[in-house]
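The structure under discussion appears below in the form of structure tokens.
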Amino acid sequence: MIKSRDQAWELVKKYNQSESLRRHALAVEGTMRALSERFPGSNPDEWGMAGLLHDLDYEMYPDQHCHKAAELLQAEGYDATLIRAVMSHGFGIVTDVRPETDLEKVLYTIDELTGLVTAAALMRPSRSVLDLELKSLKKKYKTPSFAAGVDRSIIETGAGMLGWTLDDVLESTIQAMRTVAAEIGLDGSAAIT
């Protein structure tokens, strides 16, 4: 059974009360949709759905991350391809499901990175991703104490899996997140004046 985006969003809200986790889900969804365009024949809806649902279990079942999501998604009737993508984003951390498809590799690569981009955008006077430049993000990326919870090795491993340079991954993610800047609160509308 094919689930609608609205059904998926209701499921995210059911299992994630945190506004920051909900915004993260939207950021990853938007980034996945935008980056799907780089892969001929990919389905932006499928990519977006994987991004939206990837951390379904993170708030309520942190000790079962990815595994509980797979269980919940299976119970809801989601297909095995989406469930495998969700499992693979935790590769080497909480699962041994190696990303194999382009969708899985991109999800694995950009999950952590969207958090870093968000943190970098929030540090700007504009509080916006719309004016965040690669040079600024690279400076933050190279500072281990900035967004210290972001595992840069995952981003670098993912870039290698994709055959992309780190600069390409960083710039592509900035550009992709701009497509959903308003939905994730990074369009400057909440700038401090």
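Nothing in this text is a laboratory measurement; each read-out follows from the coordinates by a stated rule. Remember, it's a predicted structure, so these values are computed and weren't measured experimentally. No Cβ is skipped: glycine too gets one built from the backbone with ideal geometry, and neighbour counts run over all protein chains shown.
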Please tell me which of these pairs span more than 28 angstrom C-alpha to C-alpha: LYS105/LYS138; LYS13/LYS140; LYS3/LYS105? LYS13/LYS140
Give the relative contact order (percent, whole number) for the range 5-178; include only Cα pairs under 8 Å separated by 6+ residues. 20 percent
Viscosity 1.002 mPa s, temperature 20 °C: Stokes-Einstein D of the chain from its Kirkwood Cα radius, in µm² per second? 129 µm²/s
Using packing as a proxy for protection, rank 98-108, 67-77 so that the peptide with the highest average count of other Cβ atoms within 10 Å comes first. 98-108, 67-77
For a Förster distance of 30 Å, can you work out the FRET efficiency between the beta-carbons of GLN74 and SER18, rounded to the nearest 0.05? 0.80
Neighbour-count order for MET32, MET161, MET60, fewest beta carbons within 10 angstrom listed first: MET60, MET161, MET32
Of all C-alpha pairs within the range 123-190, those more than 19 angstrom apart amount in percent to 38 percent
Neighbour-count ranking for THR81, THR31 (other C-beta within 10 angstrom, fewest to most) reads THR81, THR31
Among the aspartates and glutamates, which have Cα under 20 Å from the Cα of LYS68 when same-chain residues fewer than 8 positions away are ignored? GLU10, GLU29, ASP55, ASP57, GLU59, GLU76, ASP79, ASP96, GLU104, ASP111, GLU112
With helices defined as uninterrupted DSSP H runs, which ones in the chain have an alpha carbon span along their own long axis of at least 24 Å and mean Kyte-Doolittle hydropathy of at least -1.0? 19-36, 102-122
